[in-house]
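As structure tokens, the structure follows; a few thoughts come after it.
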Amino acid sequence: MSKNIIVIGSGFSGLSAAAYLAKAGNKVTILEKNESPGGRARKMDVSGYQFDMGPSWYWMPDVFDHFFADFGKKVSDYYELLRLDPGYKIVFGPNEEMSVPADYEELKALFESYEKGAADKLDQFMKEAAYKYEVGMGEFVFKPSHNIMEFADLRVLASLFKLQMLSSVTTQVEKLFQHRHLRELLKFPVLFLGATPEDTPAMYTLMNYADLKLGTWFPLKGMFQIVEAMVELNQSLGVEIKTDHVVERLEVNQKNITTIHTNKGNFQADIVVASADYHHVEQKLLTLHTECIQKNTGIKEPWPLPPSFIISALQRNSTNCCITICFLMKILKCMRMKFTRMLNGLPNHCFTPA
Ligand SMILES: Cc1cc2nc3c(=O)[nH]c(=O)nc-3n(C[C@H](O)[C@H](O)[C@H](O)COP(=O)(O)OP(=O)(O)OC[C@H]3O[C@@H](n4cnc5c(N)ncnc54)[C@H](O)[C@@H]3O)c2cc1C
């Protein structure tokens, strides 16, 4: 049955969620606090010039293809994509630069020029990275996580051992390559995960596959083209985007959000999808919810806690643990949903102040 759904935020995640929910036949409204959509990927116009405010690296073009294909569309229906060559340039210091070619054979030659035998080692490294990318995307990222049984597949379980969860990116890279520049080239992509290569599981060399094989791309006319494409898609699906609407509070009663309070009045919805930052939603928009849970359960941190937090708190190496857990989050999410449902059923667990 069609539901009335409100999505908070029009960043990539909100626009994506809204499009899928509308495609499933729901009436979807996005409430966005800024005057324009896009979130961290929005643009700024100054004197006729347009500036992208956030992302500039377009990696993993397959993810964008996959998204638009779900709606019977192609990326080229919305924007023209260029593969950059060189993909980018690394400046190591004065007169120390490396341009990274798009062509793999040229890349191998570049590696060999730094270090004898490095081209063959790159082949070996990329073969493993390709496996990690295929398994990581195919078996984890693109699965809907409706049920933990989605992951109960022998091939998937067996793959966990080949994903090199226990050694780090640094160990893996330094085992094969000696030259400082090659090491730095292969270690930097994990910065996109907000982590250091020392603390990141070697499974994340899948980022090197995304970088060096799939390439660095750029939409002609800028990254905001992606936002415009997603907005156009949403509009074609009947999604209404209300900008300048700041969600100030989510009023909850028992287990449901009853009212969405904004600076432009109140809204009701059958379902609310919050795509603003997790911390903001938990601690600023759901304050009564948080206070009540703290009072009734004695839990100091807002609930539901991300599983990664709980587990990383028990570990010494919290960064490494967090990243590993993020990847396994999809599995844990199913468990967490079950546990939250169980908690909701407890008689002393209410969402309104006593
Ligand atoms: C400087 C910078 C460079 C980056 N570079 C890259 C890159 O090169 N490649 C890459 O892939 N990624 C990059 N990223 C990361 C990427 O931009 C983000 O991961 C992505 O845009 C996040 O999308 P999101 O929808 O999750 O969140 P957001 O874009 O933050 O969207 C959340 C939305 O919710 C809205 N909102 C928040 N609170 C409320 C409220 N109370 N009421 C109503 N609306 C609300 C916000 O205004 C925002 O529009 C970069 C990010 C930054 C900041």
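Applying the condition of being loosely packed, with under 12 Cβ neighbours inside 10 Å and among the acidic types (D, E) to region 71-102 and asking which residue is farthest from L186 (Cα to Cα) yields E80. Residue pairs whose Cβ atoms lie under 6 Å apart, separated by 6 or more positions or on different chains, with the first residue in region 21-49 and closer than 17 Å to I260 by Cα and among the acidic types (D, E) and the second at pLDDT 95 or above and buried (at least 20 other Cβ atoms within 10 Å of the Cβ), are E32/S10. Per the conditions (1) of a type outside the set (A, V, I, L, M); (2) in contact (Cβ under 8 Å) with a residue 24 or more places away in the chain; (3) assigned to a helix (DSSP H, G or I); (4) more than 16 Å from the ligand (Cβ to nearest atom), the sole criterion not satisfied by Q235 is (2).
Annotation for region 140-163: no member residue is at pLDDT below 95 and closer than 14 Å to L212 by Cβ. Taken as a whole, the condition of being under 23 Å from A269 (Cβ atoms), of a type outside the set (G, A, S) and not assigned by TED's automatic domain parsing to the domain that holds L191 does not apply to V63.
For region 145-166, indicate whether the set of residues that are basic (K, R) and either closer than 30 Å to F267 by Cα or assigned by TED's automatic domain parsing to the domain that holds I30 (or both) is non-empty. I'd like the intermediate steps shown before the answer.
The initial filter retains those residues of region 145-166 that are basic (K, R), namely 155, 162.
Going one step further and asking which of them are either closer than 30 Å to F267 by Cα or assigned by TED's automatic domain parsing to the domain that holds I30 (or both), we end up with none.
No.
Restricting the first member to region 98-127 and to residues that are in the same structural domain as L186 (by TED's automatic domain parsing), and the second to residues that are among the acidic types (D, E) and part of a loop (DSSP other than H, G, I, E, B), the beta-carbon pairs closer than 6 Å and six or more apart or on different chains are A102/D85.
Among the residues of region 177-192, how many are crowded, with 19+ Cβ neighbours inside 10 Å and either assigned to a helix (DSSP H, G or I) or not assigned by TED's automatic domain parsing to the domain that holds V141 (or both)?
The initial filter retains those residues of region 177-192 that are crowded, with 19+ Cβ neighbours inside 10 Å, namely 177, 182, 185-187, 189-190.
Next cut, either assigned to a helix (DSSP H, G or I) or not assigned by TED's automatic domain parsing to the domain that holds V141 (or both) only: 182, 185-187, 189-190.
Adding up the residues that qualify gives 6.
Within the bounds of region 64-76, is there any residue that is among the basic types (K, R) and more than 14 Å from the ligand (Cβ to nearest atom)?
The first filter runs over region 64-76 and keeps only residues among the basic types (K, R), leaving 73-74.
From the residues that got through so far, the ones that are more than 14 Å from the ligand (Cβ to nearest atom) too are 73-74.
Within region 64-76, one or more residues are among the basic types (K, R) and more than 14 Å from the ligand (Cβ to nearest atom).
For region 33-49, a tally of residues being out of contact with any helix residue (DSSP H, G or I) (no Cβ under 7 Å at 6 or more places or on another chain) and under 15 Å from F218 (Cα atoms) returns 0.
In the set E198, E232, only one residue is surrounded by fewer than 22 Cβ atoms within 10 Å (Cβ to Cβ) and either under 30 Å from N266 (Cα atoms) or hydroxyl-bearing (S, T, Y) (or both); that residue is E232.
Can you tell me which residue is nearest to the ligand (Cβ to nearest atom) among those in region 246-274 that are assigned to a loop (DSSP other than H, G, I, E, B) and aliphatic (A, V, I, L, M)?
Within region 246-274, the first condition is being assigned to a loop (DSSP other than H, G, I, E, B), and the residues that meet it are 246, 254-255, 263-264, 268-270.
Next cut, aliphatic (A, V, I, L, M) only: 246, 269.
Working: V246: 5, A269: 14 Å.
Looking at the filtered set, the residue picked out is V246.
Checking each residue in region 5-53 for being surrounded by fewer than 15 Cβ atoms within 10 Å (Cβ to Cβ) and near the ligand (Cβ under 6 Å from one of its atoms) picks out only R40.
State which residue is nearest to N208 (Cα to Cα) when the search covers only region 86-111 and only residues that are among the hydrophobic types (A, V, I, L, M, F, W, C) and assigned to a strand (DSSP E or B). It would help to see each step written out before you state the result.
As a first pass, look at region 86-111 and keep what is among the hydrophobic types (A, V, I, L, M, F, W, C): 90-92, 98, 100, 102, 107, 109-111.
Of the ones still in play, those that are also assigned to a strand (DSSP E or B) are 90-92, 98, 100.
On the way: I90: 15, V91: 18, F92: 19, M98: 16, V100: 12 Å.
Only one residue fits best here, namely V100.
All conditions in (1) part of a loop (DSSP other than H, G, I, E, B); (2) out of contact with any Pro (no Cβ under 8 Å at 6 or more places or on another chain) hold for Q164, with the sole exception of (2).
With the structure loaded, tell me whether S56 is surrounded by 13 or more Cβ atoms within 10 Å (Cβ to Cβ) and hydroxyl-bearing (S, T, Y) or whether it fails that test. Taking the combined requirement at face value, the residue does not satisfy it.
The values are calculated or read from the model by the stated rules, or taken from the named source; none is laboratory data. Since the model is a prediction, treat every value here as computed from it, not as a measurement. Methodologically, a virtual Cβ is constructed for each residue, glycine included, from the backbone with ideal geometry; neighbour enumeration extends over all protein chains shown.
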